[in-house]
Amino acid sequence: MDESGTDTETVNGAEDQAHATDEVERGEEREGQESDEQHEYETEEISYREALRRALHEELARDERVFLIGEEIGIFEGSYKVTAGLLDDFGTKRIREAPISEEGFVGLATGAAMTGLRPVVEIMTINFILMAMDQVVNHTAKLQYMFSGQVGCPMVIRTPNGAGSQLTAQHSQNLEGWFAHVPGLKVVTPATPADAKGLLKAAIRDDDPVLVVESLPSYNLKGEVSQDPDYLTPMGQAKVTREGDDITLIAHSMAAQRSLQVAAQLEEDEISAEVIDLRSLRPLDMETVARSLAKTNRALCVDEGWATYGVSAELCARVQDACFDDLDAPIGRVGMAEVPMPYAKNLENATLPHAKKIRAAALAVLGEETDPEEWRAG
Amino acid sequence: MARRKQAKGSEDGRGESGGSEAEPEDRDEPSDGQRQEPGGAAGGHIAPDHFEDAGSPVGPESQISPSADRLRELYETMVLIRLFEEETERQYKKARIGGYCHLSSGQEAVAVGGLEPLGQDDILVSAYRCHHLALARGISPESVMAELFGRADGCAGGRGGSMHLADPTRGYLGGWGIVAGHVPLATGAAFTFAQTDQPHAVLCELGEGAVNEGAWHEALNLAGLLQLPVVYLVENNIYGMGTSVHMASAEPEVWKRVGAFAMHAERIDGQDLEAVMEASDRLLRRAREERLPALLECITYRYRGHSVADAGTAYRTEEEIEEWKGNDPISRFGQILRDRGIVESDEELDEVRERMDARVQEAVEFAENADPPELDSLARHVYGDEHAGEQFARMTPGSPFGERELVLEKELGDG
Ligand SMILES: Cc1ncc(C[n+]2csc(CCOP(=O)(O)OP(=O)(O)O)c2C)c(N)n1
Ligand SMILES: [Mg+2]
């Protein structure tokens with residue numbers, strides 16, 4: 001797994017991307033030729049970033065009501081290059097560069113969605129969605145209900161969360177729980193390239209407002225992704241990404257990747273950990289979680305963000321409700337330290353819910369004490 | 001028609017620089033892609049004389065007339081900033097500096113000229129591109145470099161980094177990372193001066209990209225309505241990331257946009273140190289004496305990319321960058337000093353460069369040898385009282401894995 005991406009990796013990644021563009025085009029030709037046949041689509045190893053880019057490309061090509069709007073998504077190709085090449089392929093009418101006016105263009109997209117278009121908004125990072133909070137929470141989320149379903153709002157907001165590159169307090173947040181709190185919004189959090197593509201496409205085809213929270217530290221992560229232009233990941237379905245018997249690590253977004261790492265380490269301690277990637281926070285799939293806990297009887301909620309009042313808080317409440325009789329130990333949870341993200345590398349490391357800390361938390365749920373001095377620094 | 005397609009910039013630090021050294025290549029325009037630039041195109045090339053001075057000067061006469069020695073010092077500070085930024089980029093590439101890193105090369109005259117009239121009790125608030133402002137405010141290069149290195153002795157204690165430099169003891173209430181988010185704060189500092197009858201003013205630096213945020217509009221309306229002593233210093237470096245002011249603003253003449261707030265505004269040549277100094281002095285005086293807000297738009301240019309990870313050539317031409325470098329604020333001011341005989345030879349200017357270079361090297365050495373913050377101080381300053389550690393421990397989830405107990409032990413009583 002490639003979490004952060006060094007310079008060299010990134011440069012290589014960019015080259016891969018250039019090839020990938022060609023392949024999309026070739027893929028489309030092939031699709032045209034073989035459209036009448038039953039086609040078994042192959043998978044291909046691509047990055048999380050490229051998976052998102054292809055999802056956008058395919059949906060823009062499929063439905064002309066779809067348009068993108070956001071800062072730096074055209075000439076600059078997106079701050080994180082997710083929209084690379086789209087301006088060239090779809091032109092300025094479909095790829096709308098926005099000024100730094102988040103509240104304005106999120107509201108604009110909402111109005112456009114109410115009147116027949118299918119906007120896909122890019123908010124450069126989740127930190128800047130706060131400027132548009134009133135639109136998202138008070139307008140986008142509520143309009144269908146307030147008007148008893150007479151008006152719909154088929155729109156998507158894509159935005160990355162995440163921390164770990166010393167971007168400090170105002171740029172290192174995981175706020176998806178805030179949105180999952182709100183009835184009327186759907187919130188999905190892909191952790192893998194396959195789900196990045198599948199969930200983004202599903203979100204664009206969905207008739208409700210969906211917040212797609214991407215994982216910034218995962219943009220270079222590679223994985224197998226289906227080339228099927230109709231490959232969708234259904235919203236509201238968690239996935240068991242590793243099977244185990246002793247403890248269930250419940251996570252979403254980047255934490256789902258970290259949990260897999262930790263599960264592999266725990267195996268060395270002869271502990272068999274199951275990992276659930278929630279993939280979708282609202283709707284939330286408690287069935288998969290309950291099924292797992294019936295087997296493992298112990299749970300650790302792993303969250304990239306602050307645990308307090310967060311996604312893990314909701315999970316704990318639901319797990320004790322749904323699985324009370326199955327639990328052999330209090331549910332554990334681990335998240336980012338309860339501080340705004342500091343800059344200095346040593347402090348940042350200690351703040352992140354890093355693998356060593358997750359492991360210690362898992363051991364604690366299993367009744368094993370560890371010495372914090374051994375893992376605290378990260 | 002072919003558009004220059006090139007090097008990819010990126011906002012996320014070194015992680016995603018996305019082939020920023022990629023070769024330019026031409027791509028055809030998409031068939032339906034009439035590249036309409038809102039507000040009237042600038043034709044893809046914005047020359048240094050594109051924006052003329054505008055807005056007739058108001059306010060009491062500027063009284064600023066630095067001595068020859070002081071003018072030499074101002075020159076030195078500009079050179080210091082330029083060399084500091086060049087070294088910062090090198091250190092960033094050596095991974096000694098992390099996060100986002102926005103350099104100010106090309107914008108020195110706005111910082112040094114704009115801040116020169118700022119009194120000790122006046123307050124400065126700025127956006128995240130702030131190394132030049134911190135240095136111009138008199139924060140030592142050691143203290144700034146140590147912050148960039150994430151050291152406890154940095155001007156923000158190692159918690160802030162490049163975007164969040166600060167030194168309240170020098171009236172610098174920080175660099176801020178959310179575009180326009182700091183504009184209401186700066187306005188609030190001016191409110192305090194008005195409310196408590198203090199004869200001081202606030203200088204609020206921002207980029208031209210910030211004027212399309214609601215926060216800017218709301219704050220400026222408040223300043224106009226309440227007649228607050230604040231000068232909004234817009235560093236119009238033509239671009240916000242890869243978006244030119246013409247592409248971002250229906251009315252690209254930023255200075256005109258304060259018309260809605262009954263506020264005075266002027267636009268000047270930001271590469272002319274003395275022009276910036278004169279206008280800033282006049283408007284700050286007017287703010288202090290007449291309690292009136294104003295906006296000062298300085299036309300300037302950033303030589304480097306938006307951040308270190310952006311090559312800065314995707315959205316503008318090499319020719320444009322070169323043309324602006326030919327209008328360099330440091331060279332221009334150096335020439336003025338030569339013409340006036342304040343500096344007698346080019347060797348003297350070279351000697352300044354050498355001295356400032358040594359200053360920067362001292363700063364690097366200091367930062368290298370300084371200590372990072374103590375791990376045990378992690379929870380400190382989340383709250384202002386001495387119980388920050390306790391608050392942290394209380395709010396850390398009670399799963400029995402030791403962190404909270406550890407913090408309680410270490411932090412309690414320690415503040
Ligand atoms: C609310 C918000 N939206 C987007 C960003 C991302 N961003 C950082 S800097 C920047 C461009 C700002 O341009 P400008 O105000 O002209 O300042 P400059 O970088 O040119 O100094 C953007 C869009 C942000 N930091 N905050
Ligand atoms: Mg700018």
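The values are calculated or read from the model by the stated rules, or taken from the named source; none is laboratory data. Since this is a predicted model, take the numbers as computed values, not measurements. Heads up, the Cβs are rebuilt from the backbone with ideal geometry, glycines too, and the neighbour counts pull from every protein chain shown.
Scan the strands (runs of 3 or more DSSP E) fully inside the stretch A:49-162 and keep the ones with 2 or more residues being more than 10 Å from chain B (Cβ to nearest Cβ) and at pLDDT 95 or above.
Result: A:66-70, A:118-122, A:156-161.
Out of all the residues in the stretch B:160-172, is one or more more than 12 Å from chain A (Cβ to nearest Cβ), touching a residue at least 40 places away in the same chain (Cβ under 8 Å) and within 16 Å of ligand 2 (Cβ to nearest atom)?
no
In the stretch B:334-347, what residues are in a helix (DSSP H, G or I) and either of a type outside the set (D, E, K, R) or closer than 17 Å to residue B:77 by Cβ (or both)?
Of everything in the stretch B:334-347, those that are in a helix (DSSP H, G or I) and either of a type outside the set (D, E, K, R) or closer than 17 Å to residue B:77 by Cβ (or both) turn out to be B:334, B:335, B:336, B:337.
Could you figure out which of (1) outside any helix (DSSP H, G or I); (2) away from ligand 2 (no atom under 16 Å from the Cβ) isn't true of residue B:252?
Condition (2) is where residue B:252 drops out.
Is it the case that the stretch B:55-73 has a residue that's within 22 Å of the chain's Cα centre (by Cα) and either under 30 Å from residue B:263 (Cβ atoms) or not in a helix (DSSP H, G or I) (or both)?
No: the stretch B:55-73 contains no residue that is within 22 Å of the chain's Cα centre (by Cα) and either under 30 Å from residue B:263 (Cβ atoms) or not in a helix (DSSP H, G or I) (or both).
Can you tell me which residue is surrounded by the fewest Cβ atoms within 10 Å (Cβ to Cβ) among those in the stretch B:235-281 that are within 16 Å of ligand 1 (Cβ to nearest atom) and among the polar types (S, T, N, Q)?
B:249
Criterion first (outside any helix (DSSP H, G or I) and away from ligand 2 (no atom under 15 Å from the Cβ)) does residue B:200 satisfy it?
yes
Quick one: what pairs do we get from the stretch B:358-385, first residue at positive phi, second crowded, with 19+ Cβ neighbours inside 10 Å, C-beta under 9 Å, 6+ apart or different chains?
B:381/A:339; B:381/B:157; B:381/B:159; B:381/B:388
Has the stretch B:178-195 got any residue that is touching a residue at least 12 places away in the same chain (Cβ under 8 Å) and within 13 Å of ligand 2 (Cβ to nearest atom)?
The answer is yes, given that some residue of the stretch B:178-195 is touching a residue at least 12 places away in the same chain (Cβ under 8 Å) and within 13 Å of ligand 2 (Cβ to nearest atom).
Looking at the stretch B:195-209, which of the residues that are surrounded by 18 or more Cβ atoms within 10 Å (Cβ to Cβ) and away from every other protein chain (no Cβ under 14 Å) is farthest from ligand 1 (Cβ to nearest atom)?
Looking at the filtered set, the residue picked out is B:200.
Residue under question is residue A:173, and the condition is that it be assigned to a loop (DSSP other than H, G, I, E, B), within 14 Å of chain B (Cβ to nearest Cβ), closer than 20 Å to residue A:313 by Cα and not aliphatic (A, V, I, L, M); does it hold? Give the steps one after another, and end with the answer.
Values: assigned to a loop (DSSP other than H, G, I, E, B): yes; within 14 Å of chain B (Cβ to nearest Cβ): yes; closer than 20 Å to residue A:313 by Cα: yes; not aliphatic (A, V, I, L, M): yes.
Criteria met by residue A:173.
Anything in the stretch B:295-309 that is at pLDDT 95 or above and not in a strand (DSSP E or B)? List them, or say none. I'd like the intermediate steps shown before the answer.
In the first step, residues of the stretch B:295-309 are kept if they are at pLDDT 95 or above; the result is B:295-308.
B:300, B:301, B:302, B:303, B:304, B:305, B:306, B:307, B:308, listed by residue number.
Determine, yes or no, whether residue A:271 is within 14 Å of another protein chain (Cβ to nearest Cβ) and touching a residue at least 12 places away in the same chain (Cβ under 8 Å). Explain how you work it out, then say what you get.
Values: within 14 Å of another protein chain (Cβ to nearest Cβ): no; touching a residue at least 12 places away in the same chain (Cβ under 8 Å): yes.
Here the answer is no, as residue A:271 does not meet what is asked.
Which of the following residues is modelled with pLDDT of 95 or more and surrounded by 24 or more Cβ atoms within 10 Å (Cβ to Cβ): A:289, A:240, A:225?
A:225
Among A:321, A:303, A:328, which is more than 9 Å from chain B (Cβ to nearest Cβ), acidic (Asp, Glu) and in a helix (DSSP H, G or I)?
The unique qualifying residue is A:321.
Going by what's in this entry, would residue A:195 be described as in contact with a Ser or Thr (Cβ under 6 Å, 6 or more places away or on another chain), of a type outside the set (S, T, N, Q) and not assigned by TED's automatic domain parsing to the domain that holds residue A:49?
In short, no.
Within the stretch B:282-305, can you find the residues that are buried (at least 23 other Cβ atoms within 10 Å of the Cβ) and either free of Cβ contacts under 8 Å to residues at least 24 places away in the same chain or over 16 Å from residue B:207 (Cα atoms) (or both)?
B:282, B:283, B:284, B:287, B:293
Of the residues B:106, B:114, B:119, B:39, only one is modelled with pLDDT of 95 or more, more than 21 Å from residue A:166 (Cα to Cα), assigned to a loop (DSSP other than H, G, I, E, B) and within 16 Å of ligand 2 (Cβ to nearest atom); which?
B:106
Could you identify the single residue in B:376, B:357, B:371, B:350 that is surrounded by fewer than 19 Cβ atoms within 10 Å (Cβ to Cβ), within 14 Å of another protein chain (Cβ to nearest Cβ) and part of a helix (DSSP H, G or I)?
Checking each option against the conditions leaves just B:376.
Quick check on the stretch B:140-158. Is at least one of its residues assigned to a loop (DSSP other than H, G, I, E, B), touching a residue at least 12 places away in the same chain (Cβ under 8 Å) and touching a Cys at 6+ places or on another chain (Cβ under 6 Å)?
Within the stretch B:140-158, not a single residue is assigned to a loop (DSSP other than H, G, I, E, B), touching a residue at least 12 places away in the same chain (Cβ under 8 Å) and touching a Cys at 6+ places or on another chain (Cβ under 6 Å).
With the requirement that a residue be under 27 Å from residue B:97 (Cα atoms) and either within 9 Å of chain B (Cβ to nearest Cβ) or in a helix (DSSP H, G or I) (or both), what does the stretch A:348-362 give you?
A:348, A:349, A:350, A:351, A:355, A:356, A:357
Does any residue in the stretch B:210-229 that is within 10 Å of another protein chain (Cβ to nearest Cβ) come within less than 7 Å, Cβ to Cβ, of a residue that is within 16 Å of ligand 2 (Cβ to nearest atom) and basic (Lys, Arg) six or more places away or on a different chain, and which pairs are these?
B:211/B:257
Of B:161, B:188, B:157, which residue is out of contact with any helix residue (DSSP H, G or I) (no Cβ under 6 Å at 6 or more places or on another chain), surrounded by fewer than 24 Cβ atoms within 10 Å (Cβ to Cβ) and closer than 26 Å to residue B:101 by Cβ?
Just a single option satisfies the conditions, and that option is B:157.
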